[in-house]
Amino acid sequence: MTNAHFKKLEKIYLNANINKVIYSNTEIIISKNYSEIKMPINEDYFHALNAIHGSVYFKILDDAAFFAAQSVVEDYMLLTASFNITFKMPVPNGLIKSKGKLLSVSEKEFNAEAKMYNSKNEIVAFGNGIFKKSKISIDLIKD
C-alpha cells in the first residue's frame, strides 16, 4: 500500500456528497489497516434529548472500520455486508473521534472494528463489521 492510495481514499471520503453536505466538518486519516475520523459535534446532529443521534454514531463507526479495511484493497471498492454497534454513553458536545482497525482478511471478507471516543478520550461506542469486495473498480470513483 502506498501513501498515494491512502490519500486517494481520504479524498474519496471527503468528496462523498453526504460528507460534503451533512458532515462537512469531518477529518480523516488513513494508513495501512487503520483509519481515524474526527468530527466536532453541533446541535445539527442532536435528537430530542440533546445528544448526538444514533445514526451519527453508526455512520462514523462504520466509516472508520470501512476505510481501515479499504486501506489494503487497491483494485475494487468494498461494501459493508454487516455492521453492529454498541452504545456506551451519550455525547452532547465536544469532538468525537473514531479509530478503525482491520482485524482479519479471508478469501471473501474483511473483518474490521472501530471505537469512538469523546473529548475526554472515553469510549462512547464501538462496533465491528464485515466488508466484501464490490464489482466497482476503485479507479471509477471520482476523488
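The values are calculated or read from the model by the stated rules, or taken from the named source; none is laboratory data. On a predicted model such as this, the values are computed, not experimentally measured, just so you know. Note: ideal-geometry Cβ built from the backbone for every residue, glycine included; neighbour counts use all protein chains shown. Only protein heavy atoms, including side chains, enter the accessible area calculation; ligands, DNA and RNA are left aside. Shrake-Rupley method; radii C 1.70, N 1.55, O 1.52, S 1.80 Å.
What's the center-to-center distance, using Cα atoms, between segment 75-90 and segment 10-31 in Å?
What the calculation gives is 16 Å, centre to centre.
Out of ILE30, ILE130, ILE52, any idea which swings most in a Gaussian network model of the chain, alpha carbons joined below 10 Å?
Maximum among the listed residues: ILE52.
Pull out a ≥ b ≥ c, the square roots of the eigenvalues of the alpha-carbon gyration tensor of segment 37-108, then state rounded if a/c is under 1.5, prolate if not and a/b is larger than b/c, and oblate in the remaining case. If you can, show how the numbers build up before the last one.
Details: a/c = 2.77, a/b = 2.35, b/c = 1.18.
Note, shape of segment 37-108 comes out prolate.
Considering the chain as a Gaussian network with a 10 Å cut-off on Cα pairs, which listed residue, LEU103, LEU49, LEU79, attains the greatest mean-square fluctuation?
LEU49
When the helices in the chain are scored as -39500 (n - 2.57) per DSSP H run of 4 or longer and the sum is shared across all residues, what 222 nm value do you end up with, to the nearest 500 deg cm²/dmol?
My calculation for the chain gives -7500 deg cm²/dmol from helical runs alone.
Would you tell me the accessible area of MET77, worked out with a 1.4 angstrom probe on the heavy atoms of the protein chains, in Å² to the nearest 10?
20
Using a 1.4 Å probe, how large is the accessible area of GLU113, given in Å² and rounded to the nearest 10?
50
With a sphere of radius 15 Å drawn around the Cβ of ALA64, what net charge do the other residues whose Cβ falls strictly inside it have (Lys, Arg +1; Asp, Glu -1)? Intermediate results must be reported in sequence, preceding the final value.
Numbers: positive: LYS32, LYS38, LYS59, LYS97, LYS99, LYS101, LYS115; negative: GLU10, GLU27, GLU36, ASP62, ASP63, GLU113.
My count for the surroundings of ALA64 gives +1.
Could you state the angle between the C-alpha long axis of helix 54-70 and the longest principal axis of the C-alpha atoms of the chain, as a value from 0 to 90 degrees rounded to the nearest 10?
30
Going by alpha carbons, how many degrees (0 to 90, nearest 10) lie between the helix axis of 3-15 and the longest principal axis of the chain?
50
Carbon-plus-sulfur fraction of the accessible area of the chain, 1.4 Å probe, in percent?
Carbon and sulfur together cover 52 percent of it.
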